[in-house]
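The values are calculated or read from the model by the stated rules, or taken from the named source; none is laboratory data. A quick note: this is a predicted structure, and the numbers were derived from the prediction, not measured. Neighbour counts are summed over all protein chains in view; Cβ atoms, including those assigned to glycine, are modelled from backbone coordinates with ideal geometry.
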Amino acid sequence: MARIHLVLTDDWELFGDGSGNMRRIQFDTMKQLADLYDRFGLKGTFNVEVMQQLYHLDYGQRYPHLLALAHEWESLVQDIYARGHDVQLHVHPQWHQARYEDGQWSLNPRWSILDYSYADALHMLETCKDYLEALLSRSHPDYQCVAFRSGAWFVAPGDHILPILSTLGIRCDMSLAKGLYTQLELGKLDYRDIDEPFLPFYPQMHDARRLADRQQPIVCVPTHSRRWGIEGAGFSLVRKIAKRLPARLLPDVWHASFLPPNATAIRDSGVVKDYYRQTWGQKTGRVSRLSKAAAFLKSQSNRVSDLSSLSYLEMKLVMRDIRQRMRASGQSVVPVILANHTKNIGDFRPIEKFCEYLARASDIEVMTSREMVKNLYSGQYMIRSA
Ligand SMILES: [Zn+2]
């Protein structure tokens, strides 16, 4: 029987502007997620954002409460790894030269690693990877950082990023997801047209959206995304209706099945209301009829399969899509990466149901990124080239 090697990644971090209550949105949620995984015998992969950690350690010399947070961060990451979950690298370059003033972080306006010089990008990625390996090899001398998820998915096109990653010994990039499109001041990317949205592949070293014609020193495994079509419009309608009703009127099964984990706000999250609209929304005035239509069309386009933003029913449709594409590919085993963001999980019920589902499914094997990378380089998967 065809088998799916499913990698449950999680980008573990504060919000992109440096805001957020770290204990609530990172520590508590990571513990809960790892407990869930353990209960169902699943292994997760936490892509931990290291730039924030380096700046907390640095400013911690002057501000004891930042140092306390950095130390809790370290012991939690060590604990998670010791429990058999994976820890890999996630880097948000907007922390470069961050300043801490009046009790809050002020980050720089360039969010894309592609907009930094070779020297700056190399310095950031190398320092972050060295720090993470030093931290985990204290108790696990064989720990290696081999997989990478770029901050806010910025990985292509770029002259430096893949060459730097491969120089540093990163074997696999997980930053591409078909359909992503951003043209903002903070960074630009366009993954609406990528050569291979599903299978592992050798990328062109200066533009990971394109297949190389031969083997390369790094492999890309796209993060799963799918086109939602009319189903997507149906789900967003259900969500809109639910939003207008008081939460207590909605039965438990409604929360667990129809609403995503991020439909419930994390208490004391320390993030501004409307953070995502303010950061990623296009800056328009009044909501015109035209932009309403655009929003409707967007709800039907490709969306990254991020567990924090999917209801349980949508998670099952994601699995249906994976099985269909797997059959179409003719492969007997394929690695598939799902995303998640613990900082947005206000309700664990949908993920709990999904874990139960995964533990029962006989064609799915949940594994860590490091196991997937091992398989990639031992010839278990077909790796595409042009
Ligand atoms: Zn991130």
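Numbers for the structure displayed
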quantity: Matching strands (runs of 3 or more DSSP E) fully within the stretch 63-127 where at least 3 residues are farther than 29 Å from PRO141 by Cβ; calculated: 99-101, 104-106
quantity: Flag if ARG110 is surrounded by fewer than 15 Cβ atoms within 10 Å (Cβ to Cβ) and not aromatic (Phe, Trp, Tyr); calculated: no
quantity: Selection within the stretch 1-32 - under 17 Å from the mean Cα position of the chain (by Cα), part of a helix (DSSP H, G or I) and either within 16 Å of the ligand (Cβ to nearest atom) or closer than 17 Å to CYS128 by Cα (or both); calculated: ILE25, GLN26, THR29, MET30
quantity: Boolean, SER117 is hydroxyl-bearing (Ser, Thr, Tyr) and buried (at least 20 other Cβ atoms within 10 Å of the Cβ); calculated: no
quantity: Residue satisfying condition, being of a type outside the set (A, V, I, L, M, F, W, C) and within 21 Å of ALA339 (Cβ to Cβ), within set GLN88, GLN104, GLN61, GLN78; calculated: GLN88
quantity: Which numbered condition GLU74 misses (of (1) touching a strand residue (DSSP E or B) at 6+ places or on another chain (Cβ under 7 Å); (2) under 15 Å from GLN26 (Cβ atoms); (3) away from the ligand (no atom under 15 Å from the Cβ)); calculated: (1)
quantity: Where a residue in the stretch 5-28 is touching a residue at least 12 places away in the same chain (Cβ under 8 Å) and within 24 Å of LEU358 (Cα to Cα) and its partner, wherever it lies, is within 12 Å of the ligand (Cβ to nearest atom) and of a type in the set (Phe, Trp, Tyr), with Cβ under 6 Å and at least six apart; calculated: ASP10/PHE46; TRP12/PHE46
quantity: Residue list for the stretch 343-377, restricted to those being surrounded by 22 or more Cβ atoms within 10 Å (Cβ to Cβ), farther than 15 Å from GLY44 by Cα and not charged (D, E, K, R); calculated: ASN344, ILE345, PRO350
quantity: Where PRO163 falls short, out of the listed (1) modelled with pLDDT of 95 or more; (2) in a loop (DSSP other than H, G, I, E, B); calculated: (2)
quantity: Scan of the stretch 181-205 for residues that are modelled with pLDDT under 95, part of a loop (DSSP other than H, G, I, E, B) and among the hydrophobic types (A, V, I, L, M, F, W, C), ordered by number; calculated: LEU186
quantity: Condition broken by LYS316, with the remaining ones in (1) farther than 17 Å from ALA34 by Cβ; (2) out of contact with any helix residue (DSSP H, G or I) (no Cβ under 8 Å at 6 or more places or on another chain) satisfied; calculated: (2)
quantity: Tally of residues being aromatic (Phe, Trp, Tyr), more than 16 Å from the ligand (Cβ to nearest atom) and touching a His at 6+ places or on another chain (Cβ under 8 Å) across the stretch 133-168; calculated: 0
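For (1) surrounded by 11 or more Cβ atoms within 10 Å (Cβ to Cβ); (2) in contact with a Leu (Cβ under 6 Å, 6 or more places away or on another chain); (3) modelled with pLDDT of 80 or more; (4) not charged (D, E, K, R), each residue gets a yes or a no:
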{"position": "TRP228", "(1), (2), (3), (4)": "yes, no, yes, yes"}
{"position": "VAL238", "(1), (2), (3), (4)": "yes, no, yes, yes"}
{"position": "LEU245", "(1), (2), (3), (4)": "no, no, no, yes"}
{"position": "VAL253", "(1), (2), (3), (4)": "yes, no, no, yes"}
{"position": "ARG286", "(1), (2), (3), (4)": "no, no, no, no"}
{"position": "SER291", "(1), (2), (3), (4)": "yes, no, no, yes"}
{"position": "VAL304", "(1), (2), (3), (4)": "yes, no, yes, yes"}
{"position": "LYS316", "(1), (2), (3), (4)": "yes, no, yes, no"}
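Conditions (1) touching a strand residue (DSSP E or B) at 6+ places or on another chain (Cβ under 8 Å); (2) within 17 Å of THR45 (Cβ to Cβ); (3) in contact (Cβ under 8 Å) with a residue 60 or more places away in the chain, marked per residue:
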position: LEU132; (1), (2), (3): yes, yes, yes
position: LEU136; (1), (2), (3): yes, yes, no
position: PRO157; (1), (2), (3): yes, no, no
position: GLU196; (1), (2), (3): yes, no, yes
